[in-house]
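Read through the structure below, which is laid out as structure tokens, and then see the notes.
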Amino acid sequence: MPKTTISNRSIQADLRYLKLLARDFPTISQVTTEIINLEAILHLPKPTEHFLADLHGENEAFQHVLRNASGNIKRKVKELFGNTLRDKEIRDLCTLIYYPKQKLELVKQNDTNLADYYQTTLNQLIAVCRNVSSKYTRSKVRKSLPPEFAYIIEELLHENSDDRNKQAYVGVIIQTIIGTGRAAGFIEAICELIQRLAIDQLHIWATFSTVALAHTSSWTR
């Protein structure tokens with residue numbers, strides 16, 4: 001059986017890389033933890049990428065496309081509520097997600113029972129947010145949470161809604177949000193979070209005369 005020989009140069013090269021690696025992961029435990037994390041990330045569903053071209057200063061149209069993630073958010077809402085909500089209710093929920101501040105102003109003017117509206121809507125938004133966040137690690141989702149409501153949103157996203165005890169826990173959180181007068185602010189925050197999570201990478205291709213430029217924007221996993 002032939003012997004495997006390792007050159008001195010190869011050993012030195014490996015040592016150089018190992019020393020660089022050791023700066024960030026000085027112990028075996030830290031190395032193995034990072035390997036586990038990276039392997040887990042590789043097996044997550046592929047996040048949504050979005051491609052835009054020829055914007056030509058159309059700011060409002062561009063903003064609308066970003067807010068609705070090119071229809072991706074509406075598809076998610078239909079997947080979740082297509083069998084339980086009417087078409088108008090689906091459109092209203094989508095409009096709220098795209099333009100939460102404006103939609104809430106209209107609701108406040110026309111809805112006589114805001115507490116019921118808030119309770120129903122918060123439960124729906126939490127379900128949508130769970131869905132769009134499922135492609136990411138908890139760490140990545142945590143980095144995108146609005147600081148004011150970060151702890152509450154994280155609790156709501158990761159509680160098991162099928163567990164009766166947890167249902168009561170989630171119910172109390174929602175009732176407290178409404179009771180303390182923070183429902184509108186919370187709804188705005190979670191709608192903006194859904195917009196952010198609906199697109200992982202944004203690719204912009206712009207043409208100026210004969211020069212083409214490409215730009216990619218992403219957020220850290």
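Yes/no per residue for (1) aromatic (Phe, Trp, Tyr); (2) surrounded by fewer than 17 Cβ atoms within 10 Å (Cβ to Cβ):
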residue: 81; (1), (2): yes, yes
residue: 93; (1), (2): no, no
residue: 105; (1), (2): no, yes
residue: 109; (1), (2): no, yes
residue: 118; (1), (2): yes, no
residue: 122; (1), (2): no, no
residue: 126; (1), (2): no, no
residue: 129; (1), (2): no, no
residue: 132; (1), (2): no, no
Condition met for residue 93 (among the hydrophobic types (A, V, I, L, M, F, W, C), touching an Asp or Glu at 6+ places or on another chain (Cβ under 9 Å) and at pLDDT 95 or above): no
Given (1) surrounded by 13 or more Cβ atoms within 10 Å (Cβ to Cβ); (2) modelled with pLDDT of 90 or more, index of the condition residue 199 fails: (2)
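Applying the selection to segment 125-182, what residues are among the basic types (Lys, Arg) and more than 26 Å from residue 85 (Cα to Cα)?
Residues satisfying the conditions are 138, 140, 142, 143.
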Sole exception among (1) within 24 Å of residue 60 (Cβ to Cβ); (2) within 18 Å of the chain's Cα centre (by Cα) for residue 130, by number: (1)
Count of residues meeting criterion [under 23 Å from residue 72 (Cβ atoms), of a type outside the set (Gly, Ala, Ser) and out of contact with any Lys or Arg (no Cβ under 9 Å at 6 or more places or on another chain)] in segment 132-159: 6
Segment 34-86, subset of a type in the set (S, T, N, Q) and at pLDDT 75 or above, residue nearest to residue 195 (Cα to Cα): 68
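For segment 21-35, name all the residues that are surrounded by 10 or more Cβ atoms within 10 Å (Cβ to Cβ), out of contact with any Leu (no Cβ under 9 Å at 6 or more places or on another chain) and not small (Gly, Ala, Ser).
The first filter runs over segment 21-35 and keeps only residues surrounded by 10 or more Cβ atoms within 10 Å (Cβ to Cβ), leaving 21-22, 25-26, 30-35.
With out of contact with any Leu (no Cβ under 9 Å at 6 or more places or on another chain) added as a condition, the list becomes 21-22, 25-26, 30, 32-35.
Listed by number, the residues that qualify are 21, 25, 26, 30, 32, 33, 34, 35.
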The lone exception for residue 127 - which of (1) at pLDDT 90 or above; (2) over 21 Å from residue 100 (Cβ atoms); (3) among the small types (Gly, Ala, Ser) it fails: (2)
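The values are calculated or read from the model by the stated rules, or taken from the named source; none is laboratory data. What you see is a predicted model, and the numbers here were worked out from it, not measured in a lab. We place every Cβ from the backbone using ideal geometry, glycine too, and count neighbours over all the protein chains shown.
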